[in-house]
Amino acid sequence: MRAPWKRGNWYWADFTVNGSRYRIPLRFRANPDCKAPYFFARRRSQKYCRDLCALPSQKEFKRRWCAEHGEARRKARKASEKKSQRKRGK
């Protein structure tokens, strides 16, 4: 295996297996707590090596989304519940 090299936003690794050369995309870790500096990306949009490494980022995204949109969503849900209760005659 040759040392990883960068082209665009991707890192690449060259492998030779049974005389055949393979070029595999590597990604640099997005989670600084992850012990592996590079991982094999299964798709272009993959940022994390596994679900466990993605959890902190997902929690941060959800926290920011709720701070931005949560109040309006709660008001809409409450109004919808009141409307459905009036239809049933309660």
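Rule-based calculations on the coordinates, nothing more; no lab input. All values reported here derive from a predicted model rather than from experimental measurement.
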Q: Treating cross-link reach as a plain straight distance, find the aspartates and glutamates whose alpha-carbon is under 16 Å from the alpha-carbon of LYS59, omitting any fewer than eight places away in the same chain.
A: ASP33, ASP51, GLU68
Q. Length gain on complete extension for the stretch ALA72 to ARG44, per 0.36 nm per residue less the alpha carbon to alpha carbon distance?
A. 6.7 nm
**Q.** Set of lysines near LYS83 by C-alpha distance (under 21 Å), chain-local residues within fewer than 8 positions excluded
**A.** LYS75
Q. Hey, what do the phi angles of segment 56-69 turn into as Karplus ³J(HN,Hα) couplings, whole Hz, using 6.51/-1.76/1.60 and θ = phi - 60°, x for Gly and Pro?
A. x, 5, 5, 5, 5, 4, 5, 5, 5, 5, 5, 5, 7, 10
